[in-house]
Amino acid sequence: MSTTENLKLFYNRLSELYRLRCISALLDWDHQVYMPSGAAQARADQQEYFSITIHNKTVDPEFLRAVDELNDVRDSLELADQVNVREIKRQVDIERKLPEEFTAEFSQTSSLSYSAWVKARPENDFKAVQPYLEKLVRLNRRFCDLVGYEEHPYDALLDQHDPGLKTSVVKPLLTGLGEDLRRIIPQIAEKFEGLGELSGHFTQGSQHELCKKVAADLGFSFEIGRLDTTAHPFMTTLGPRDFRITTRYFEDNFLRALYGTIHESGHALYEMGLPTEYAGTPMGEAISSSIHESQSRIWENPVGRSREFCSYLSKLLPDYFHEEAKALDPEMLWRYANRVEPSLIRIEADEVTYCQHIVIRMLLEEPLVTGDLSVSDLPAAWNEHYEKYLGIRPPDMKDGVMQDVHWYGGSLGYFPSYALGNLYNAMMMEAAHASIPGLSTQIERGDFTSMLGWLRENVHRHGMRYRGPELIKNITGKELSAKAFVEYLKVKFLG
Ligand code: ZN
């Protein structure tokens, strides 16, 4: 077929797949936000139908032939087509290497393992999940062999979330970061000793209004988005003009819902800023999980936890919380929003200790994949790493090796992207400050337009055109490193 015909077939199929993915995402959003629990089985069947349909339409021989033929003439295509063909070729090449029996076994095991984890975690029962985890580790190893890798089996897993990422790059980068953080964490944590808890009662209704106000100020448009309530906050895209975020509320501490909202708004602002004309194709999609995390964290931390932002926030609070807000001057707010303290739970960790949780997980995942660490030795290795990197030891499995769902849901190789997100956002923030005069003053006024404009120009509008390390080099002229992040923490917390 001619290139023109191939391109037509290619884009028609991508657009069909995009519509299917959006409908499936809507089913999932409803599952997490509104669905009554009794509907679980029927919903699982509906979702299974969508994954099978999406898989079949992806490995359809006609489509694969078009992708291969377009890839052969890629250099002669227009830029957007080149990027789209490159990325889709990468994705279908993985998909076609996985036999159907493997995909079925993986999905079956992950789903059984997830249910076992949900039950076993509150009971602290690692033995109950151990056989599932052993099987999932074996399946992940098989995935690496099936998909193939140049240097290291773990690369095949990293590549799933961060195209092109290698163990030889990420391991020294994050272990080096871990050592730097070990040196500064005790000094920083000392500054927050004796800080009590927030006092007051913050009703859910008022918190919801405050969260909406802050999200809107950051640039989240409620004309094309919604904020709802779930047990686990997330962001999802349901169509080119439909972006959903969620948060959860604690009536004794409004900061948890607020910073969760800011984080998810950051993810949504990235999706809202992707070029709509390329929706449903890689040119209209996020680069990687790490860059997605950089976009949520840049708003949550360097912007949202700055002194200037706390000053903007303290002016807003009386409209929402009346009496309670009086005790919260900008300095107190800053202290509550920034409290640094080594703790057991990753998702609740502060900006400084957070990456240690990731370093630990990466250092355990990699030997699990190579077979140098067995699942039965995992809990002890987990505790030793917590002792080394954070100076604390989990008293049980629930808040130790069993705390995160990722491994028990079959996902290995995802964790590093959380830490890389922090490294990227620190480098971006440095560049944003250098190119936007008076950025801090704008943040203090609650004016985030230049900040968002800068991200749109430098990150969002490019879709998947560049890989993460290439993008950051274009923006800053520098290679991805932990330097800007560690410097930022030192300046912010140690003066
Ligand atoms: Zn996130």
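The portion of the accessible surface of region 164-318 made up by carbon and sulfur, rounded to a whole percent, is 47 (1.4 Å probe; DNA, RNA and ligands excluded). Take 153-164, 443-454 and order them by the average number of nearby Cβ atoms within 10 Å per residue, most first; the result is 153-164, 443-454.
Taken over the Cα atoms of the chain, the convex hull encloses 150 Å³ per residue. Accessible surface for the chain, divided over its residues, is 43 Å² per residue with a 1.4 Å probe. Summing Lys and Arg as +1 and Asp and Glu as -1 over all other residues whose Cβ lies under 14 Å from the Cβ of residue 407 gives a net charge of +2. Using the Stokes-Einstein relation with a Kirkwood hydrodynamic radius computed over Cα pairs, the translational diffusion coefficient of region 370-495 at 4 °C and a viscosity of 1.567 mPa s comes to 72 µm²/s. Taking the square roots of five times each eigenvalue of the Cα gyration tensor of region 3-147, the equivalent ellipsoid has semi-axes of 35, 20, 12 Å, listed largest first.
Considering all C-alpha pairs of region 449-495, those separated by over 11 Å amount to 72%. Counting every pair of alpha carbons in region 294-391, the share spaced more than 21 Å apart comes to 51 percent. Reported to the nearest whole Å, the Cα centre-to-centre distance from region 187-254 to region 1-63 is 30. How many angstrom separate the Cα center of region 258-322 from the Cα center of region 395-418? Distance between centres, Cα-based: 25 Å. Beta bridges from DSSP with both residues in the chain: antiparallel share about 45 percent, rounded to the nearest 5. Normalised by the number of residues in region 3-147, the mean separation of alpha-carbon contacts (under 8 Å, six or more apart) gives a relative contact order of 21 percent. So which lysines pass the test for residue 315, namely a Cα distance under 27 Å, with those fewer than 8 places away in the same chain ruled out? Candidates past the 8-residue exclusion: 191, 212, 213, 326, 492.
Nonpolar atom fraction for region 3-147, defined as the carbon and sulfur part of the 1.4 Å probe accessible area, stands at 54 percent.
The values are calculated or read from the model by the stated rules, or taken from the named source; none is laboratory data. The shown structure was predicted, so the numbers you read here are calculated from the model rather than taken from an experiment. Virtual Cβ from ideal backbone geometry, glycine too; neighbours counted across all protein chains shown. The protein model used for the area step is the full one, side chains on, heavy atoms only, and it has no ligands, DNA or RNA in it. Shrake-Rupley method; radii C 1.70, N 1.55, O 1.52, S 1.80 Å.
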